[in-house]
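The values are calculated or read from the model by the stated rules, or taken from the named source; none is laboratory data. All of these numbers come straight from a predicted model, not from anything done at the bench. Reconstructed Cβ throughout: ideal geometry from the backbone, glycine too, with neighbour counts over all protein chains shown.
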Amino acid sequence: MASAEPPPPDPPHEAVPVDLRDYIEFDPDRPFGRRVFTTDVLAIDVVCLEPDQHIGAREFAGADLVYTVLGGRAWIVTAESEVTLGPLQALLVPAGVVHGLRNDGADPLILQAAASPPDELPPTQEGPVRRPVRRGSAKPTALDRARRLLGGAD
């Protein structure tokens, strides 16, 4: 009985380091965002607002967002509350919560926005990393893993 060759292992997923300073850019007319990473389950953006700029009310029905202030001060408003965040403070906005944010401070605001899953996010300019990090289209099943470890017929 001939044994089947096991399928080749998945390609290694390499860590992709970035310097977030490369993603910081301001537009005097509107908030500016750049996509740092995208996978099938997560997107990371850097969002920059000049003083007096805001991002109006929005809702992501199926995506949780985490806003982390990297510099400046953010005022994040929901129907239930208003939260002020300073540098290195973060806020989770669960899916389905209408929210907006603004920079009422004298300094520029730099935010990192993480969303999972990323499907509902508005398009944004891709940053300097040319190839977004993406996972394979399908996760291996238990049977696939067993075949890889033990060998087996297709």
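Some points to look at:
- Test for residue 111: is it within 17 Å of residue 48 (Cα to Cα) and in contact with a Leu (Cβ under 9 Å, 6 or more places away or on another chain): yes
- Candidates 58, 30, 73, filtered to the one that is among the basic types (Lys, Arg), in contact with a His (Cβ under 9 Å, 6 or more places away or on another chain) and either modelled with pLDDT of 95 or more or under 21 Å from residue 109 (Cβ atoms) (or both): 58
- Residue match in segment 42-55 (condition: at pLDDT 95 or above, of a type in the set (Gly, Ala, Ser) and either surrounded by 13 or more Cβ atoms within 10 Å (Cβ to Cβ) or within 16 Å of residue 120 (Cβ to Cβ) (or both)): no
- Listed here are the strands (runs of 3 or more DSSP E) enclosed by segment 25-103 that have at least 1 residues being in contact (Cβ under 8 Å) with a residue 60 or more places away in the chain: 32-38, 43-49.
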